[in-house]
């Protein structure tokens, strides 16, 4: 079965994990700080806190920013559930803004319109959480201007875009956003099995993240050497030492992983460009795409085949494709609790109707990629 994504683990990774497992500490040991330092250096941040998942990272951001009931956080419906769920975990309310029709990130014009609308209603907007969808950065220079204009914090959900660039700068996120979340899920660019991180340049903010990721608890300097205190209600969002050893090893290969993903994307581009009814991903001038996903758009009506049938036939042929994502406002929980309905976000909805995530990962062979292309074209009668 050829799936849309897959991790790549080599002997070097296994040796790194084995070494950590054979050390005295396999949790809360030295590899955690080492991994945090390497991530900071890579993305240009002063502080990093590695945690158990990308979801945990987003949740902790909301807690550390003290989002509360009555606060509104702006985001898009085309993201994984965790992006908006984490806002709700923090007792705030997510308000969706439709996506840009070309790059599938938050629409800047619609964002400012939504801000003005909510301000007129005297709503308390606290932050904007922006996903660099599929690996393409949002329009961060314009987002920065909007955040300054309306005094809002910018959060970069960068879980798709490790290694992406704006004007050749892979550290763009540290220049534009207040803080950034990462994910090290197996299908992301690098993996720790499960894992995530929060990055920022604010020392007090990072201190709060570290407190909350470990039960809100700190060790106390005392003659009673066992003593600890719980200062706040925190969580067990810690990550293990051997996971961080894997992360350090994987990070060394990031550039190699990115190069291969871009090569795969170019082959897809060449195979599907200039075909009516098919849209390949676009990259904004001056931007570099990290290609966590390759979102191909197919006008299924034009090819007289349903999306459901397309996926079923491809699965029978051993191609496990995926869709990223079902718009969050379609989910029963969001319909029930926030009264969202169909046609609320037409660009996102049309994108969902057409989007297919094609296989893209380091271990994908050229032969298997050719099979993917051949079978899609055959099915669409191209």
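Any read-out appearing in this document is the output of simple, stated calculations on the displayed coordinates, not a laboratory observation. Quick caveat: nothing in here was measured; it's all calculated off a predicted structure. Please note: Cβ atoms are built from the backbone with ideal geometry, for glycine as well, and neighbour counts cover all protein chains shown.
Worth pointing out:
- Taking every alpha-carbon pair under 8 Å whose residues sit at least 6 apart, region 83-175 reaches a relative contact order of 23 percent.
- Protection-proxy order for peptides 315-324, 151-160, 34-43, each taking the mean of Cβ atoms within 10 Å per residue, highest first: 151-160, 34-43, 315-324
- Share, in percent, of DSSP beta bridges within the chain that are antiparallel, nearest 5: 60 percent
- Over the chain, DSSP H runs of length four or greater, each weighted -39,500 (n - 2.57), average out per residue to a 222 nm ellipticity of -12000 deg cm²/dmol.
- Cα gyration tensor shape for the chain, rounded if a/c is under 1.5, else prolate or oblate: oblate
- By average C-beta atoms within 10 angstrom, highest first, the peptides 361-370, 293-302: 293-302, 361-370
- Angle in degrees between helix 203-212 and the longest Cα principal axis of the chain, rounded to the nearest 10: 90 degrees
- GNM result for the chain, Cα springs below 10 Å: residue of 78, 248, 115 fluctuating most strongly: 115
- Protection-proxy order for peptides 335-341, 69-75, each taking the mean of Cβ atoms within 10 Å per residue, highest first: 69-75, 335-341
- Exposure proxy order (Cβ contacts within 10 Å, fewest to most) of 225, 190: 225, 190
- Highest-MSF residue in the chain out of 306, 249, 348 [GNM, Cα springs under 10 Å]: 306
- Kirkwood Rh, Cα atoms: Rg over Rh of region 254-379: 1.00
- Between 168, 84, 357, the GNM of the chain built on Cα springs shorter than 10 angstrom shows 168 fluctuating the most.
- Paramagnetic reach from residue 371 in region 1-20 [backbone N under 15 Å; point 7 Å along Cα→Cβ]: 1-5
- Average Cα contact separation per residue, region 2-251, under 8 Å, 6 or more apart, as relative contact order %: 27 percent
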